[in-house]
Every structure is written in C-alpha cells, then in structure tokens.
Amino acid sequence: MSVTYGKDTKSALQAKFDAQKIAFAPIMFQAALALRNLGILELIKSKRKGITIEAIAEELNLSVYGVKVLLEAGLSLEMVMVENDVYKITKTGWYILSDELTRVNMDFTQDVNYKGMFTLEDSIKEGKPTGLKEFGDWPTVYEGLAHLPEKAKESWFAFDHYYSDYAFPEIMPIVFRNNPKRILDVGGNTGKFSIQCAKYNEDVKVTILDLPGQLNVAKQNIEKNGFSDRVDGHPINLLDHSNAFPQGADIVWMSQFLDCFSQEDILELLKRSNNAIDENGRVYILETYWDNQEFEASTYSLHATSLYFTNIANGCSQMYHTEDMLALVEKAGLEVEETVENIGVSHTLLICKKK
C-alpha cells in the first residue's frame, strides 16, 4: 500500500502547544462534556448578551467555583469567550451543544470507549479487545451488544445508525435500479437496511444474516413495521467460515460491516459472498475509508474509530484504507464494477461482480 498523508510544517511553538492539548485531552474532554450535560452551554446560548459566572451558578443551582473552573477550561477549548466577566458561546461551543454528529461521537466516546481505553496498550500487545471487560466477558462486543448497560447500548446504536441513516435513503435507487428480487443483508444488525428495502420495493425479499441475539432485535423491528412476510433472518456465526451463505441472492449487501473484521476474516467473508451469487449477482460493499474523505475532520474521526475496534470491539479490525479493501476484493475472486462516492456522511459504495 502506498500512502502519502500528513505534513510537518508547524512552528516548534505551535507543535509544543498541540502536544499539550494531547497531554491533557482526557481531562478537557470531560470538561467539555460537563459544560454540555450540566446545561451551562445551553444557558449561555440562550443569553444573546452573554451571562456571568454568578448568574449561571444561580440559575443552574451549581457552585460558583464549579462553574468557574469549567468555563475557564471552556476558554482554552474555545467553546466560550469572555469579555468584562460576561461569557458567550462560540461556534465550537455551538457544535458541542447542538450538532448531532458531534453529540453522537461524544456520547460514543464517553459511554462506550472512555474507561476501556485505559488498556489500549494491552489490546495492541495481546490482539484482544481488553477494554471490553468494562462491560462483560465476551470475545467481541457483538456477542454482548444485547447485554450492554442501557446508556452504552443507546450510544453504540446511535453512533452506528447515525451514519447509515444518512446513507440508506441515498442508496436505495442504486440498489434497486436492476430490480433485485432477493437480497442477503449480511450483518444486518437491527434490520434497518432490510426494512428500508421492503418499504422501497414491494416485491423484494430480504434475508438478514447475523447472530441469534441480533436477529431477535431485528425480528421485533420487522414485525413492528409489518414486513415479516418479506424479511426474515438466517442465524449464523459469521466468523465460522465453514458456514456457507444461502445461495441465489441477486445482491449480497454489506454495510458498515467489513470494517468490523480483520483482513483475514474479510477475505473469507468476501469469498463466501462470491459463492452466494451467480454470474448476474453482485456484492455491494458500503464503507467509510479514511483515505477517501473530503474533510480532515472525517479522517480524524475514522482514525479514532479504528482504536475503538482495537480496544472494545474485537482487537483486530479498523476503518480501512481503500487499497486494503480493493486488494481483498481481488483476492476473493471479485472485481469492482462500479464505485459510487460521497454517499451519506462519508461513505463509498463498491459494486463487485465475479471475475
């Protein structure tokens, strides 16, 4: 893989300042979270002319001391600004408070990752998700999803669904342009994609391939939406590569799925997908690749998400570089027929056919 990314053009002074931001990042993250969760940012935002520390403390029933130390941290975080003892919210503060993407990412960091990340070095050494022990004794987070504490589960699904919720409506016309009759939704999770397919096309039949625990959640959602006659589940351990996928699908669909596995497992999953289609079938891979992002913020977020996979999810996967996936597609006996860029927040769709 040939990668050119990054530069080293900062002054020494700026580089040292940025190093201090990293050194204190966990502390300042908690300060930002407290400013949001305690209602301080919301109150400041509601006051067009700004508000003093004392007034904030009185309105929110907090100590002046507590508000003071948080707001002073907020100054360095550039979430607030102060003039003549009056605090106002900045653009960054507004995003922390009101931007859905930022809220989803912060909640995911706090509720799913924060405590476990203390053992990241162990995960690197052992090749295991050592941070997962914060929640339970499972080999991967996927076996434990249904049993996570409610707040962690809520934040996990909010993070997972935020990105797919934007992508799925855009992708439907592409998925159905050749009128597929049968789709395999591999790693279908709660059934969101399958349900959207059933809503979009009244003739399609979709089979979700996933662990039994996840299929139970999907089944409830499918029944609630009235699609039990056209959307069903096939319980399978997707990491048992001796288990073949059901045959005869027009499309094998994998969305935000392959990034959950090591390259060795991805290769086997792609081979099994290839075996499930005939010459007219296609394998659709929807993923976010860190090298294929329009904005630096997206690449930064994806690099951070890779560490969640390392420490919490399974210890062996990541958000991949495009070249990693293309090499695996070729090894699996497939070739990319079409690439669709800029789907949803930051996705790329690879449409693959048999070689």
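The values are calculated or read from the model by the stated rules, or taken from the named source; none is laboratory data. What you see is a predicted model; the values in this text were computed from it and never measured. So basically every Cβ, Gly included, is an ideal-geometry build from the backbone, and we count neighbours across all protein chains shown.
Tabulated data
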read-out	value
The range 333-342, subset touching a helix residue (DSSP H, G or I) at 6+ places or on another chain (Cβ under 8 Å) and surrounded by fewer than 19 Cβ atoms within 10 Å (Cβ to Cβ), residue farthest from H321 (Cα to Cα)	G333
Whichever residue in the range 180-220 is among the polar types (S, T, N, Q) and in contact with an Asp or Glu (Cβ under 8 Å, 6 or more places away or on another chain) and, among such residues, is farthest from I266 (Cα to Cα)	S194
Candidate set from the range 298-321 (those that are among the polar types (S, T, N, Q) and touching a Ser or Thr at 6+ places or on another chain (Cβ under 7 Å)); member that is nearest to W138 (Cα to Cα)	N314
Among the residues listed as S273, S262, the single one being in the same structural domain as G127 (by TED's automatic domain parsing), of a type in the set (S, T, N, Q) and crowded, with 21+ Cβ neighbours inside 10 Å	S273
Any hit, the range 196-205, residues being in a loop (DSSP other than H, G, I, E, B), of a type in the set (A, V, I, L, M), out of contact with any Gly (no Cβ under 7 Å at 6 or more places or on another chain) and closer than 24 Å to V340 by Cα	yes
Boolean, E78 is in contact (Cβ under 8 Å) with a residue 12 or more places away in the chain and assigned to a loop (DSSP other than H, G, I, E, B)	yes
Some residue of the range 36-52 being acidic (D, E), outside the structural domain of E323 (by TED's automatic domain parsing) and touching a helix residue (DSSP H, G or I) at 6+ places or on another chain (Cβ under 8 Å)	yes
Any pair with Cβ under 9 angstrom, 6 or more apart, that starts in the range 1-23 at a residue that is closer than 30 Å to L328 by Cβ and ends at one that is among the aliphatic types (A, V, I, L, M)	M1/A327
Test: residue in the range 88-98 that is in contact (Cβ under 8 Å) with a residue 60 or more places away in the chain and closer than 21 Å to S301 by Cα	yes
Odd one out for N105 among (1) under 25 Å from H303 (Cα atoms); (2) more than 28 Å from the chain's Cα centre (by Cα)	(2)
Any helices (runs of 4 or more DSSP H) falling wholly within the range 1-75 and containing at least 2 residues that are closer than 30 Å to A327 by Cα and of a type in the set (G, A, S)	none
Residues of the range 129-142 classified as assigned to a helix (DSSP H, G or I) and surrounded by fewer than 17 Cβ atoms within 10 Å (Cβ to Cβ), total	1
Selection count, the range 214-251, where residues are without any contact (Cβ under 8 Å) to a residue 40 or more places away in the chain, of a type in the set (A, V, I, L, M) and farther than 19 Å from E143 by Cβ	2
Every residue from the range 155-195 that is assigned to a loop (DSSP other than H, G, I, E, B), over 20 Å from the mean Cα position of the chain (by Cα) and free of Cβ contacts under 8 Å to residues at least 40 places away in the same chain	F176, R177, N179
Subset of the range 207-240 that is of a type in the set (D, E, K, R) and farther than 22 Å from I277 by Cβ - its residue that is surrounded by the fewest Cβ atoms within 10 Å (Cβ to Cβ)	D229
Unique match (being of a type in the set (V, I, T), in a helix (DSSP H, G or I) and modelled with pLDDT of 95 or more) among I277, I312	I312
